[in-house]
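Comments concern the structure below.
The values are calculated or read from the model by the stated rules, or taken from the named source; none is laboratory data. All of these numbers come straight from a predicted model, not from anything done at the bench. For neighbour counting, all protein chains shown are included, and Cβ atoms are generated from backbone atoms with ideal geometry for every residue, glycine included. Surface areas here come from the heavy atoms of the whole protein model, side chains and all, with no ligands, DNA or RNA. Shrake-Rupley method; radii C 1.70, N 1.55, O 1.52, S 1.80 Å.
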Amino acid sequence: LVATTTLAANSQRAEHIFDPFPAVPKTAGSQELALDPAHKGDHLALAREILSKYPSFELINAKMLGGDHSGLKKMMDDAHELGYPLLEWIRTSNRAHLASVPARLHLSRLRTKHQFVMISAPPDRQVKFDELKANHGTTFLWHGSAPENWHGILRYGLKNASNTNLMTAGAVHGPGIYLSPQGALSMNYSRMHHQQGQQQPAPQLPGSQAQSNVFLGSTQLRLLALCEVANVPTLREPVKGQIWVAPDEESVVTRFLFAFPSGTQFQDASSSLDSQTPVFESEVRHCLSSLANIAGAYS
């Protein structure tokens, strides 16, 4: 979450994709905001400054996983006076239930250890999806999007961005969320810093982050999502076996997010990532079922 927020804040497209913008009070309990969504243009530089002061994410994760709340707060306060309040906003503004997949349940054919599961989507999105799932059944399809876009996607869900200022890849097959059963095809759309069909220079990240964090240390970072899609009547397959289009946002939820920090590990896995094969679908549903037994949240 911190990585995707940092990437969105430092993107050349931050005006559009750094949404939601943080709401952080100047001091605890204050009604006056140091970071205010109503003044995004004026406060973007401060948000970038705070994020630039963050310790390595490995250190942050170690404190969180170790339950050292007081140690985490002190570390963030020492980094910047607004460091901890912003971190709390990043954590609490994500209403989806996102968690690391335990190593024993990894989908090994992805060839990456960085695997995350969205056990439930944002609550309002999940309720609507569950109804569609019960009525129509579901399938699994891939979606690729630039890493900086995931700050918003994780909080709002995938959007039909066709013909909006969020669109980066066109809509030749009509408006909707573009998906594919072929992992390699979706991976082509997961490049960083994509704007108007051109790959832009990487944002200038602070040295401490760029060198110490696996997700920010390479401009080759790719994030690939595996989505669960309700088989609603509006779901289309304009290019057989290659491209599917879902005009109805509520029919799509992200189930897995796979990170490839260097971008290269994916090449060995791409040939086995046809999401429509019975074997692949069985592996995915088994993994989700096993995760349900752990979390008691997925249905």
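Summary table below
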read-out	value
Within the stretch 222-255, considering residues that are small (Gly, Ala, Ser) and in contact with an Asp or Glu (Cβ under 9 Å, 6 or more places away or on another chain), the one farthest from ALA96 (Cα to Cα)	GLY241
Any hit, the stretch 46-54, residues being touching a residue at least 24 places away in the same chain (Cβ under 8 Å), of a type in the set (Phe, Trp, Tyr) and out of contact with any His (no Cβ under 9 Å at 6 or more places or on another chain)	no
Of residues in the stretch 253-296 being open to solvent by less than 20 Å² (accessible area, probe 1.4 Å) and part of a loop (DSSP other than H, G, I, E, B), the one modelled with the lowest pLDDT	GLY263
Strands (runs of 3 or more DSSP E) fully within the stretch 74-179 counting 2 or more residues that are of a type outside the set (A, V, I, L, M, F, W, C), surrounded by 19 or more Cβ atoms within 10 Å (Cβ to Cβ) and at pLDDT 90 or above	138-144
Close pairs (7 angstrom Cβ cut-off, 6 or more residues apart or separate chains): touching a residue at least 40 places away in the same chain (Cβ under 8 Å) in the stretch 72-90, part of a helix (DSSP H, G or I) and open to solvent by less than 10 Å² (accessible area, probe 1.4 Å) anywhere	LEU82/ILE50; LEU86/ILE50; LEU87/MET76; ILE90/THR5
Verdict on ASP68 being more than 27 Å from ARG222 (Cα to Cα) and either surrounded by 15 or more Cβ atoms within 10 Å (Cβ to Cβ) or out of contact with any Phe, Trp or Tyr (no Cβ under 9 Å at 6 or more places or on another chain) (or both)	yes
Residues being part of a loop (DSSP other than H, G, I, E, B) and at pLDDT 90 or above - total across the stretch 202-252	8
Filtered residue count, the stretch 2-30, keeping only those that are over 19 Å from PRO122 (Cβ atoms), assigned to a loop (DSSP other than H, G, I, E, B) and touching a Pro at 6+ places or on another chain (Cβ under 7 Å)	1
Check on SER299, at pLDDT 85 or above and under 21 Å from PHE129 (Cβ atoms)	no
The lone exception for LYS40 - which of (1) at pLDDT below 90; (2) more than 30 Å from VAL279 (Cβ to Cβ); (3) part of a helix (DSSP H, G or I) it fails	(1)
In the stretch 6-39, the residues that are farther than 19 Å from TYR84 by Cα and open to solvent by 40 Å² or more (accessible area, probe 1.4 Å)	GLN12, GLU15, HIS16, ASP19, ALA38, HIS39
